[in-house]
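Read through the structure below, which is laid out as structure tokens, and then see the notes.
The values are calculated or read from the model by the stated rules, or taken from the named source; none is laboratory data. What you see is a predicted model; the values in this text were computed from it and never measured. Cβ sites come from the backbone with ideal geometry, for glycine too, and all protein chains shown count toward neighbours. Quick note on the areas: whole protein, heavy atoms, side chains included, nothing else; ligands and nucleic acids left out. Shrake-Rupley method; radii C 1.70, N 1.55, O 1.52, S 1.80 Å.
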Amino acid sequence: MLARSLRSPRLLAAPLRSQFVAAAPKPLSLRTVTTDAASASVGAVPSDAEQPFTVTLPNEVFEAYELDAPSRQLEVTKSQLRQMYFHMTSIRRMEMAADSLYKQKKIRGFCHLSTGQEAIATGIEHAITKEDAVITAYRCHGFAYLRGSTVKAVIAELLGRKDGIAYGKGGSMHMFCKGFYGGNGIVGAQVPVGAGIAFAMKYEDKPNTCFALYGDGAANQGQVFEAYNMAKLWDVPVVFACENNKYGMGTASNRASALTEYYKRGQYIPGLKVNGMDVLAVKQAAAFAKEYAVSGKGPLVMEFVTYRYGGHSMSDPGTTYRTRDEVVNMRSTQDPIQGLRKRILEWGVLTEDELKQVDKEARQLVDKEVVEAEESPVPDTNFETLFKDIYVPGSEPRWTRGRTAEETHYY
Amino acid sequence: MASSIQRFSALAGSQLRRQTLTRGFRTASATNAAQAMTMPAMSPTMTEGGIAAWKFKEGESFSAGDVLLEVETDKAQIDVEAPEDGVLAKIIVPEGAKGVAVGTRIAVLAEQGDDLATLEMPAEDAKLEAKKEEITPEQSTKQQHTAQTKPPTVEASAESTPAASHNHPDPKRPQHPSPSVMNLLKTHKLEASQIAGTGPKGRLLKGDILAHLGRINKAAPGELSARLTKYSKLDLSNIKPAAPKPKPAAAAPPPEKEAVKPAPPKESELAMPVNFASVSRVQEKLQNTLGVRVPLSTFINKATAAANAALPPAKSAPTQDELFNDLLGLPNSPRKASRGNFTPTITPLPRKGVQAVEFGPSTEQPDIFDVLIGAAPTRGVAARTKPKGPQEGILAGGENLLTLKVPADEEERARVFLGRVKGLLEERAGELVL
């Protein structure tokens, strides 16, 4: 009907349009960070495994906030690529072993797996030194392993055995080793602790940084912003790194966060968004972040865009708040391991047989260490064990309270 | 293999290429060793479950993340995903099986590229048996409890019934009582074995000791335990599906509905006759001089837009600022004219009815007089001018009716608006398009 079609007269539209133009001067950015794991270009690849060659990352790997984005060119060697591939594969194998042990009821309690997010742990580890520090939340198995622990220690810890990284007394959320401050169960609590670690580094004039990792769910915690504030105020060399796997415990990030661009959350701290499914991009960004922090420019907020294939924890099937198709699609098109594998093959760094050999090595390593972990004894069931390994030797208090007066333990 | 995939990928689109490539890869290497797949515990409390459906047949290959089977527990039906790529070599526990204990072998998985015919499955079986035996006694009683098939549920229920009579507590009874229990035992110099526990699995509770000491009713712990046992499982057996609701009587509601109706939104309908004669004159003129046919809708759109441009402010309750200014005796700034967004409805006017049209508000509400005498409503513009059948369209060059439904407080604006539209269309039609 004509009366209904009185909608878009030119007289009406003209002032409207001008309003729009005035209200939205910001052009919509066409460049967005993708989670593509495979595309990148390379020049000539040398035959020597230790000779570095230059790799150019695709356009969309970084997005910067109040910051000049790092160069998309980085130097890698063949052996580094192989090592990265090996690390990612063994983390995945380890997580799969944990999953299977959990489903056999051998692992009990909390268990959060990082299947799909391996590139972040691997990329960061390959960009920093053992003198740098990493602190993360409870999705920590991969970090613990790469920071210098072993698969056996991680799995034994999950199983609650003596050979565990925390002597079988911590479990999934409490893994520590040199340069790795855990494994923290309280959502977001590791972020201020990480700022403190970095503050200690600054205080002691060490040329090091601390990566404080947290998830997109924890990014809404108040203490994260408190840490931001102090870190910027004192120019602490800390890197706040958000692992954005798009879903908090059971909620999509856009349903929980008013601003889902986590790299802009620092407001007064520059930010960098990185494709967290591309291990080379993570490596380059982490190296850049370290340099940035150590050079005295203060903290940096990073966002690694990634995806977890499993549920949030073992009791979450992971398909109630997202479709299975989405998971399958991410797994089949943007998997970090497959992405690196494809590059390695394309660039002729390794042949398919050599890659299979790496796969086999990783598998054998994990299988062997899982068996060893299962053979490890359970901690001694006496009161001594309960009070051991709580304090750094020499720093204990005089006594610790037990359940009853008789159980009071005197150090 | 890689080269053939690459050749194929050159032909396919980029998305497809990526998918085929990555799908073609796998992280596992062929070792020609089958793996037993055991019944997974999909929740920490699950001890057994049924297999609702196998999503793959024997010999079919799957990729990581695919749903292998659906497991049925007492609580829910859960999909079990494949952790890695592989082939379903053999299904051991078929679809529909119930009460399969966690840890029981339900299938054999092989890897892609493995020769299913030469797989060594019995070896796997022996290994599994060996593993079962390996479980050492000190590895907590819990594991034995879950690993050794079904009876646990039966046992558990038998245990949890108050067994106050026998003086020898179950050897399986949890060994570490709570601090309050330990404290009571210690202060009253009792032995845990002297007292029967009524807690879960015969655990000794504070109430048991208090009852033993005679501080509380001796029967209380047993009663409480029985009560908990009774209510720990929700008994839904007495619930029947609701009987279908009787169909509501067909004829009854209408009169009531009409009785409810007299609470219509406070809207009023304004109407105004408009003559399109001048518009059609301008159209003709344009057609003759410029050879352009300007449709009627253009005139109406433009007139609407122009009339909407700056309308007197709506008559609404004074704002807080205005009230405050009134109190202080300060002058209030005049309310600003604002753009309206009225869209009039145009209907052809029956020629005979023109004389009845009056310029003013009317409501759809029936006149109270009509209601009283029970007659059909006769007054009000809306009632008279509403066309009966589907409308033919606007009467070009003739009398039409502009109607507008507006909230009561916008009436003043709407009237100005209609007046302007009428003026524009009847007197200044030429200006609208030129």
- Task: Give, rounded to the nearest 20 debye, the magnitude of the charge dipole that chain A has about its Cα centre when Lys and Arg contribute +1 at Cβ and Asp and Glu contribute -1 at Cβ.
- Result: 1480
- Task: State the Cα centre-to-centre distance between the stretch B:184-250 and the stretch A:131-200 in whole Å.
- Result: 42
- Message: I want to check the label-to-label distance for A:Val42 and B:Ser280. Put each point 7 Å from Cα in the C-beta direction and report it in nm to one decimal.
- Response: 8.0
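Based only on Cα atoms, what mean projected area does the convex hull of chain A have, in nm²?
Working: hull surface 111.6 nm².
So the mean shadow area of the Cα hull is 27.9 nm².
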- Query: So what's the gap between the Cα centers of the stretch A:263-328 and the stretch A:340-392, to the nearest angstrom?
  - Reply: 24
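Keeping all protein chains in place and using 1.4 angstrom, which order do B:Thr289, A:Thr129 fall into by accessible surface area, from largest down? Don't skip to the answer; put the middle values down first.
On the way: B:Thr289 105, A:Thr129 60 Å².
Per-residue accessible area, sorted high to low, gives B:Thr289, A:Thr129.
Which of rounded, prolate or oblate describes the stretch A:157-249 when judged by the alpha-carbon gyration tensor and an a/c cut-off of 1.5? Could you put the intermediate results ahead of the total?
Details: a/c = 2.72, a/b = 1.34, b/c = 2.02.
Oblate, since a/c reaches 1.5 and b/c is not below a/b.
Could you give me D for the stretch B:178-236, from Stokes-Einstein at 25 °C and 0.890 mPa s, where the hydrodynamic radius is the Kirkwood radius over C-alpha pairs? Units µm² s⁻¹, please. The partial results should precede the final answer.
Working: Rh = 12.1 Å.
Result for D is 203 µm²/s.
Could you work out the local net charge near B:Gln287, counting Lys and Arg as +1, Asp and Glu as -1, over the other residues with Cβ closer than 14 Å to its Cβ?
Numbers: positive: B:Arg281, B:Lys285, B:Arg293; negative: B:Glu284.
Neighbour charge sum, excluding B:Gln287 itself: +2.
Write down the accessible area per residue of the stretch A:275-330 in Å², having rolled a 1.4 Å probe over the full set of protein chains.
Numbers: 1630 Å² over 56 residues.
Each residue of the stretch A:275-330 exposes 29 Å² on average to a 1.4 Å probe.
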- Note on the structure: Within the under-14-Å Cβ sphere about A:Gly148, not counting A:Gly148, Lys/Arg +1 and Asp/Glu -1 give a net charge of +1
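Over the whole of A:190-201, what's the average partner chain Cβ count within 10 Å per residue? Rounded to a whole number, please. Could the numbers behind the result be given before it?
Working: counts 0, 0, 0, 0, 0, 0, 0, 0, 0, 0, 0, 0.
Per-residue shielding by partner chains comes out at 0.
Near A:Ile107, within a Cβ-to-Cβ distance under 12 Å, what is the net charge of the other residues, with Lys and Arg +1 and Asp and Glu -1? Walk me through the numbers on the way to the answer.
Working: positive: A:Lys103, A:Lys105, A:Lys106, A:Arg108, A:Arg161; negative: A:Glu95, A:Asp99, A:Glu157, A:Glu374.
Summing Lys/Arg as +1 and Asp/Glu as -1 gives +1.
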- Can you pull the one-decimal nm distance between simple spin-label points at B:Leu224 and B:Arg428, each 7 Å off the Cα toward Cβ? 8.8
- Antiparallel %, DSSP beta bridges [both residues in chain A], to 5: 40
- Search the structure for amide H atoms under 5 Å from the amide H of A:Leu113, placed 1.01 Å from N in the peptide plane, and list their residues when 5 or more places away or on another chain. none
- FRET efficiency for B:Ser63 and A:Lys360, Cβ-Cβ distance as r, R0 = 22 Å, nearest 0.05? 0.65
- Please work out the FRET efficiency for the pair A:Asp353 and A:Arg322, using the Cβ-Cβ distance as r and a Förster radius of 45 Å; give the result to the nearest 0.05. 0.75
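Once you sort the root eigenvalues of the Cα gyration tensor of the stretch A:282-411 as a ≥ b ≥ c, which label holds: rounded (a/c under 1.5), prolate (a/b larger than b/c) or oblate (the other case)?
prolate
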- Roll a 1.4 angstrom probe over the protein heavy atoms and tell me the percent of accessible area of the stretch A:273-402 that is carbon or sulfur. 51
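Ignore the peptide's own chain and count Cβ atoms of other chains within 10 Å of each Cβ in A:353-363; give me the average, rounded.
Values: counts 1, 0, 4, 5, 1, 2, 5, 4, 1, 3, 5.
Partner-chain Cβ atoms within 10 Å, mean over residues of A:353-363: 3.
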- Query: Long-range amide H contacts for B:Thr38: which residues qualify at under 5 Å (H placed 1.01 Å from N, peptide plane, sequence gap of 5 or more or a different chain)?
  - Reply: B:Ile106
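Grab the beta carbon distance between B:Thr187 and A:Phe110, set R0 = 30 Å, and tell me the FRET efficiency rounded to 0.05. Walk me through the numbers before you get to the answer.
Working: r = 37 Å, r/R0 = 1.23.
Between B:Thr187 and A:Phe110 the formula returns 0.25.
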- Item | Among A:Gly194, A:Gln83, A:Ala373 the positive-end extreme of the charge dipole of the stretch A:36-379 (Cβ point charges) | A:Ala373
- Message: Checking an interface number: how much accessible area is buried between B and A, summed over both chains, with a 1.4 Å probe, in Å² rounded to 100?
- Response: 4400
- Provide a list, ordered by number, of residues in the stretch A:90-112 showing at least 20 Å² less accessible area with every protein chain present than when their chain is taken on its own, using a 1.4 Å probe. A:Arg93, A:Met96, A:Tyr102, A:Lys103, A:Gln104, A:Lys105, A:Lys106, A:Arg108
- Query: Which distance in nm do the two modelled labels at A:Thr129 and A:Thr34 give, with both placed 7 Å along the Cα-to-Cβ direction?
  - Reply: 3.7
- Task: Partner chain Cβ atoms within 10 Å, averaged over the residues of A:396-409 - can you pull that number for me?
- Result: 1
- Message: Per residue of the stretch A:388-402, what does 6.51 cos²θ - 1.76 cosθ + 1.60 with θ = phi - 60° give for ³J(HN,Hα)? Whole Hz please, x for Gly and Pro, Karplus curve as stated.
- Response: 7, 6, 8, 10, 4, x, x, 10, 5, x, 5, 8, 10, 6, x
- Calculated from DSSP H runs of 4 or more alone, at -39500 (n - 2.57) each and per residue, what is the 222 nm mean residue ellipticity of chain A, nearest 500? -12000 deg cm²/dmol
